[in-house]
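Chemist: Before we start, here is the structure in question, set down as structure tokens.
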Amino acid sequence: MPENDRISLNEAARRAGVSTATLNRWADEKVVPVRKGKWTPAAAAQARVVARMRERGHSLEDLKQAGRDGKLAFGSAEDLFADQSERVAISDAASDIGLSEDLIERIMVVLGTPAGRERTLTEVDVEAMRKLAAVADAGLPIEAVLQLVRVYAQAVRRIADAEVRLFHLFVHEPMMRDGLGAIEMSNEMGDLVESVSPVTVPLLEYLHDRYVRYFIEQDVVGHMEDEFGGDSEIDQIRISLCFIDLTGFTRFTEEEGDAEAFSVIERFTEAVEATLPPEANIVKTIGDEVMVVSPDPVTLAEWAVGFLALFDDRPKPRVGIHYGGAVFRDGDYFGSQVNLTHRVVNRALGGEVLVTDAVADAIGEHQDLEIDNLGEVDLKGFPEPTPLFLLRVKK
């Protein structure tokens, strides 16, 4: 163990958030692996995890076994992301930054980390608030700033969740199966995270710039092609809305099992991503369902018909497409027209593409697509029948 990798007992207690006497007892009882009384950052991090698990009601005997099995080893990596900066009162931060205390509270709630009773922020929090204040000062309305924060928080939370779970599945679990010692495991996990972490921010910056360029282009296209109608609400966009899902997926899961069902969803989603027209965009996936938007209903319809032809086996995909106004909020689309599109896909059978009259009118006479008028159909939640059309490849 390198000399500079050692820390004092007092420092280990500070990092773990418990007394030195408690640390010594845990070391003596081998709840935390400490060699010859020499404390390391990895051992202190594991002690901190033990302290948290004790607060949740886990016994020392269970935690001792978990430590031997290496189940607590990944906790040491948390030190790499710890915010040890000084705490500042929200009132002082608000005066310094120029944002109201209520707004700062709202932002922290959106981030999922409300300030709570302490009414304090770390210096790192304050610096982030300062950057948001600069965005607001540049002219973006506060409600738009809050939406932007919410979208960032949801996206980065999902990224962080995926990072931790992938490390667990592909690094931590194999180490435990190989019987690696707890301290060695903690050190290796920490080294790996430390090596990977510097890559993530440049990667996020690269992806951010790439997609901002793409969506700026789409914004220009939308203005040129009347995506943003002059009589629409400030946050409403006219856009092609599409839902695509797998018919009979619940029964398929019951018959084939979760593992096979997950594999099918993964292949299905990857196929959607790989084949979508350039201007289309996946908004979200919910189980076996994918929501797609596009400024062009014609290319989206062409894609849908061609996409369904790729699937011969069950469960077969089905598609519903509508063209109308939707409210854009927090990176998602809402409103009656979105609900209508969802009702349309629910009326489709496996292998079918159903579209509304707005899409059928946009397609018009198409050299490759045949449009069958199914007549007006009652859709749940809509008082007036909706004209629906079946699309297929022209014979």
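The values are calculated or read from the model by the stated rules, or taken from the named source; none is laboratory data. Everything quoted here is computed from the prediction, not taken from an experiment. Glycine gets a Cβ as well: all are built from the backbone with ideal geometry, and neighbour counts include every protein chain shown.
Chemist: Name the single residue that is modelled with the lowest pLDDT among those in segment 1-21 being assigned to a loop (DSSP other than H, G, I, E, B) and of a type in the set (A, V, I, L, M, F, W, C).
Modeler: Met1
Chemist: Something else about it: On the basis of being within 19 Å of Ala182 (Cα to Cα), at pLDDT 90 or above and more than 29 Å from the chain's Cα centre (by Cα), does Asn24 make the cut?
Modeler: Numbers: within 19 Å of Ala182 (Cα to Cα): yes; at pLDDT 90 or above: yes; more than 29 Å from the chain's Cα centre (by Cα): yes.
The answer is yes for Asn24.
Chemist: What is the residue count in segment 353-371 for residues that are surrounded by 12 or more Cβ atoms within 10 Å (Cβ to Cβ) and over 30 Å from the mean Cα position of the chain (by Cα)? It would help to see each step written out before you state the result.
Modeler: Narrowing segment 353-371 to residues surrounded by 12 or more Cβ atoms within 10 Å (Cβ to Cβ): 353-363, 366, 369-371.
Going one step further and asking which of them are over 30 Å from the mean Cα position of the chain (by Cα), we end up with 356-363, 366, 369-371.
The total comes to 12.
Chemist: Here is a follow-up. Out of everything in segment 332-380 that is within 24 Å of Ile286 (Cβ to Cβ) and out of contact with any strand residue (DSSP E or B) (no Cβ under 8 Å at 6 or more places or on another chain), what residue ends up being modelled with the lowest pLDDT?
Modeler: The qualifying residue modelled with the lowest pLDDT is Lys380.
Chemist: On to the next question. What pairs come up if the first residue lies in segment 1-28 and is under 21 Å from Asn187 (Cα atoms) and of a type in the set (Phe, Trp, Tyr), the second is at pLDDT below 90 and buried (at least 17 other Cβ atoms within 10 Å of the Cβ), and their beta carbons are under 6 Å apart, counting only those six or more places apart or on different chains?
Modeler: Cβ pairs passing all conditions: Trp26/Val32.
Chemist: Hey, another quick one. I'd like to know if segment 178-190 contains one or more residues that are at pLDDT 80 or above, part of a helix (DSSP H, G or I) and exposed (fewer than 14 other Cβ atoms within 10 Å of the Cβ).
Modeler: No, segment 178-190 has no match at all.
Chemist: Sticking with this one: List the residue pairs whose Cβ atoms are under 8 Å apart, where the first residue sits in segment 294-319 and is within 17 Å of Ala360 (Cβ to Cβ) and in the same structural domain as Ala274 (by TED's automatic domain parsing), the second is of a type in the set (S, T, N, Q) and surrounded by fewer than 22 Cβ atoms within 10 Å (Cβ to Cβ), and the two are 6 or more positions apart or on different chains.
Modeler: Here the result reads Ser294/Asn281; Trp303/Thr275, each pair linking segment 294-319 to a residue that is of a type in the set (S, T, N, Q) and surrounded by fewer than 22 Cβ atoms within 10 Å (Cβ to Cβ).
Chemist: Could I ask something else about it? Give the number of residues within segment 323-363 that are of a type outside the set (Gly, Ala, Ser) and assigned to a loop (DSSP other than H, G, I, E, B). Quick ask: steps written out before the conclusion?
Modeler: Kept after step one, since they are of a type outside the set (Gly, Ala, Ser), are these residues of segment 323-363: 323, 327-330, 332-334, 337-347, 349, 352-357, 359, 361, 363.
Now drop any that are not assigned to a loop (DSSP other than H, G, I, E, B), which leaves 330, 349, 352.
Of the residues in that region, 3 qualify.
Chemist: Something else now. Looking at (1) in contact with a helix residue (DSSP H, G or I) (Cβ under 9 Å, 6 or more places away or on another chain); (2) touching a residue at least 12 places away in the same chain (Cβ under 8 Å), can you tell me which one Ala128 breaks?
Modeler: Here Ala128 meets the rest and fails (2).
Chemist: Yes or no: segment 110-130 includes at least one residue that is part of a helix (DSSP H, G or I), among the small types (Gly, Ala, Ser) and either under 17 Å from Phe81 (Cβ atoms) or in the same structural domain as Lys284 (by TED's automatic domain parsing) (or both).
Modeler: Yes, that holds for at least one residue.
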